[in-house]
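Here's the structure, in structure tokens; my notes come after.
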Amino acid sequence: MKPLKTELQQLYGDASKHSAYQNIPDFVSAELGYTETIDESWRGDRPRLTYLYEARKPAAGEIWMDFGANTGFFTLSLAKTHPQTRFIAVEANPNHAAFIRRVADYFQMGNVGVIQSAVGIEDLPSLPKVDFMLHLNVLHHAGHDFDKHAVACIEDFGEYAQRYLKLLRGVARGLFFQMGSNWGGDKSRPLVGLYEDAEKLRLFATWLRHAGWRPVKAAYPHRGGDGRIAYHDLATLACAQLAENSGMALEMHSWESLDQFPGEFYRRPLFICEHA
Ligand SMILES: C[S@@+](CC[C@H](N)C(=O)[O-])C[C@H]1O[C@@H](n2cnc3c(N)ncnc32)[C@H](O)[C@@H]1O
């Protein structure tokens with residue numbers, strides 16, 4: 001029988017579109033001596049997890065879902081520290097879903113469930129109902145990785161996104177949301193320009209609000225003098241303006257600190273949303 005570390009390495013690096021994407025959860029590395037190197041100056045998981053712990057802690061008895069869970073950095077890290085909360089990972093890639101299952105089994109994490117499925121917009125109503133959902137960096141892949149029939153061209157995307165987000169309201173009461181600004185991850189097809197940070201926030205917040213979500217927090221990363229990357233909430237004023245759909249405060253916000261990051265990933269805002 002293969003050692004677990006070898007098996008996990010194979011499942012992780014399966015040469016699919018989103019392989020070699022996430023960090024290995026710290027408790028897995030500590031037990032198995034298994035790490036994968038991600039260049040966190042381009043894209044990182046730990047700063048997002050730290051922000052989530054501060055913004056919305058899992059409560060005992062709650063059910064959380066990690067939609068597009070990849071290799072389970074969020075599902076597994078959260079489930080390990082919050083054994084009284086149930087976590088459901090939804091992941092299309094069978095190898096990555098198996099990665100999460102293998103780790104959960106080995107560590108006897110009875111609070112982890114895995115749904116291996118490519119869930120499209122029409123399938124959303126049949127997902128289990130949960131208290132809180134992580135939906136990170138999946139939606140902009142609609143029309144490419146899933147729901148090809150529903151988003152035939154970039155012009156369709158805004159209307160589709162609002163329909164999709166509205167259906168998500170029927171699945172979760174709270175949402176941790178992030179999406180890319182390029183359709184299908186293709187730089188030549190921007191939904192909104194890379195450096196148009198105010199417009200990006202306004203557009204995504206508008207889609208969320210039109211779908212019936214209330215964005216209560218929006219956060220961006222900052223790299224401190226020690227090199228540490230941490231997400232911070234936008235000033236309360238800017239958040240209030242987000243709610244009222246006025247761009248003024250956002251135009252006044254300084255976006256220069258985002259220029260310290262290469263690429264697009266760290267220019268993707270994080271949203272915490274609620275609905276009635
Ligand atoms: C870009 S990765 C983001 C991973 C993770 N959410 C994060 O932000 O670190 C997108 C993940 O979602 C999965 N995925 C994409 N479309 C999906 C769908 N329709 N249903 C379930 N999983 C999907 C992919 O296989 C991939 O693992």
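Here Met133 meets the list (1) among the aliphatic types (A, V, I, L, M); (2) within 12 Å of the ligand (Cβ to nearest atom); (3) outside any strand (DSSP E or B) almost entirely, failing just condition (3). Counting only helices (runs of 4 or more DSSP H) that sit completely within the stretch 18-113, those holding 3 or more residues that are closer than 24 Å to Glu264 by Cα and aliphatic (A, V, I, L, M) correspond to 46-55. Yes or no: the stretch 67-88 includes at least one residue that is under 20 Å from Asp14 (Cα atoms), in contact with a strand residue (DSSP E or B) (Cβ under 7 Å, 6 or more places away or on another chain) and surrounded by fewer than 19 Cβ atoms within 10 Å (Cβ to Cβ). So far as the stretch 67-88 goes, no, none of its residues is under 20 Å from Asp14 (Cα atoms), in contact with a strand residue (DSSP E or B) (Cβ under 7 Å, 6 or more places away or on another chain) and surrounded by fewer than 19 Cβ atoms within 10 Å (Cβ to Cβ). Comparison of Phe27, Phe99, Phe87 shows that the only residue that is away from the ligand (no atom under 16 Å from the Cβ) and either in contact with an Asp or Glu (Cβ under 8 Å, 6 or more places away or on another chain) or of a type in the set (A, V, I, L, M, F, W, C) (or both) is Phe27. The number of residues in the stretch 136-167 that are small (Gly, Ala, Ser) and either part of a helix (DSSP H, G or I) or under 29 Å from Tyr53 (Cα atoms) (or both) comes to 3. The set of residues in the stretch 216-272 being in contact with a helix residue (DSSP H, G or I) (Cβ under 6 Å, 6 or more places away or on another chain), at pLDDT 90 or above and of a type in the set (Phe, Trp, Tyr) consists of Tyr231 alone.
Count of the stretch 190-234 residues, restricted to those that are assigned to a strand (DSSP E or B), of a type in the set (Gly, Ala, Ser) and crowded, with 18+ Cβ neighbours inside 10 Å, is 2.
The values are calculated or read from the model by the stated rules, or taken from the named source; none is laboratory data. Here the structure is a predicted model, which means the values were calculated and not measured. All Cβ positions, even for glycine, are placed from backbone atoms using ideal geometry, and neighbour counts span all protein chains on display.
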